[in-house]
1. I need to check one value: relative contact order of segment 7-100, counting alpha carbon pairs closer than 8 Å and at least 6 residues apart, in percent.
2. Name the lysines eligible as straight-distance cross-link partners of Lys109: C-alpha to C-alpha under 22 Å, and not fewer than 8 places from it in the same chain.
3. Given the rule -39500 (n - 2.57) for each run of at least 4 DSSP H residues, summed and divided by the residues of the chain, what is its mean residue ellipticity at 222 nm, to the nearest 500 deg cm²/dmol?
4. At q = 0.21, 0.24 Å⁻¹, what log₁₀ I(q)/I(0) does a Debye calculation on the Cα points of segment 68-129 give, no solvent, two decimals?
5. Using a basic spin-label model with each label point 7 Å from the Cα along Cα→Cβ, how many nm lie between Val257 and Asp127?
6. Over the chain, give the accessible area per residue in Å² for a 1.4 Å probe, as an integer.
7. May I ask you to give the percent of accessible area on the chain that is carbon plus sulfur, with a probe radius of 1.4 Å?
8. Suppose we take every Cα in the chain and form the convex hull; what volume per residue is that in Å³?
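The values are calculated or read from the model by the stated rules, or taken from the named source; none is laboratory data. Here the structure is a predicted model, which means the values were calculated and not measured. Note: ideal-geometry Cβ built from the backbone for every residue, glycine included; neighbour counts use all protein chains shown. Just the protein is used for accessible areas: all its heavy atoms, side chains included, with ligands, DNA and RNA removed. Shrake-Rupley method; radii C 1.70, N 1.55, O 1.52, S 1.80 Å.
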Amino acid sequence: MKIALVQMPVSADKTKNLSVAAEAIAAAAGQGAELVMLPEMFCCPYDTGCFPLYGEPAGGPVWQALRRMAAENRVWLVGGSMPELEGGRVYNTSFVFSPAGEQIARHRKVHLFDIDVTGGQRFMESDTLSPGGGCTVFDTPFGRFGLCICFDIRFPALAREMTEAEARAILVPAAFNMTTGPLHWELLLRARAVDNQLFVAACAPARDTGAGYVSYGHSLVADPWGKVLADGGTEAGIFTVELDFGAVNAARRQIPVLPPQLREL
C-alpha cells in the first residue's frame, strides 16, 4: 500500500491549519496514497498554554473536518493529533478515519512529554494534558496498524504490545524538538522497527525556527530491517512511500526473534 506523510507548517490560525491539511490530503490522494498521516498537534501551536484554548471534544469542528477529508478523498486518515476535551480534561488525541468517513480508532497519548534537559529543552505537557491509556491498533484491508504519539515511541513495551496485537506497522504522529531530535529521532524509530520487525512511519510538522517550539521535522519511514525508506528533511512537503508487508514476514522468518505465531501474519 501507499502511505503519505504530510509534513506541514503549523500556525496559530486553526482555520488555516485545517485548510493546509485539506489541500495536502487531496494532493496525497492524487498521488495514489491510500493512507495519509498528519503531524502531532497539526491544528494548533505546540504550546501547553494553547492546548486548552484550542481544544475541542470528539465530534467538534476539527473532528468533523478530518472526517470529511477522509471521505472526500477516499483515504484512511490518521488525523495527526489534536487537543481533545472530555470530562474537564485535555488529552493529546489522534483520531483515525476510514475512507467512508467513519472513526475507527482513537489514541490518547499515554506517555506525556515532560522533560527538563540541562542546557536544552524544558517542556511539561502534564501542566495542561492528562494521559491516555492502553494500546491502540486498527484494521484495514492492507493489514493491522499500531498507533502511538511522539513520546510514546520511547517506550519499547508499548511498541511490543502493538506487535503482539499483530500490527504490521506502527504509525507515529510526532513533533520532536531541536534538543532530542538530532540525537534520538531516527535512532528511536529505527530501533522500534528492528526490535519488532515491522514498518515504523512517523510524521512531524515542518520546521519553523520562529516558533516558540521548533519541530525537528524529518518525517521518516523505516522498514523491518531498520532501513530508512524516506526522510522528509525540514521543509514542508508530502512524502509518499509504498509499503510491502511481505517484508515483515520475510524479516521475521530470516531473523526469528519474535514468537512463532507472529512470524506469519
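1. The normalised contact order for segment 7-100 reaches 30 percent.
2. Lys14
3. Helix-only estimate at 222 nm: -7000 deg cm²/dmol.
4. -0.83, -0.93
5. Here the answer is 3.8 nm between the modelled labels.
6. For the chain, the solvent-accessible area averages 39 Å² per residue.
7. C and S atoms contribute 50 percent here.
8. Each residue corresponds to 111 Å³ of Cα convex hull volume.
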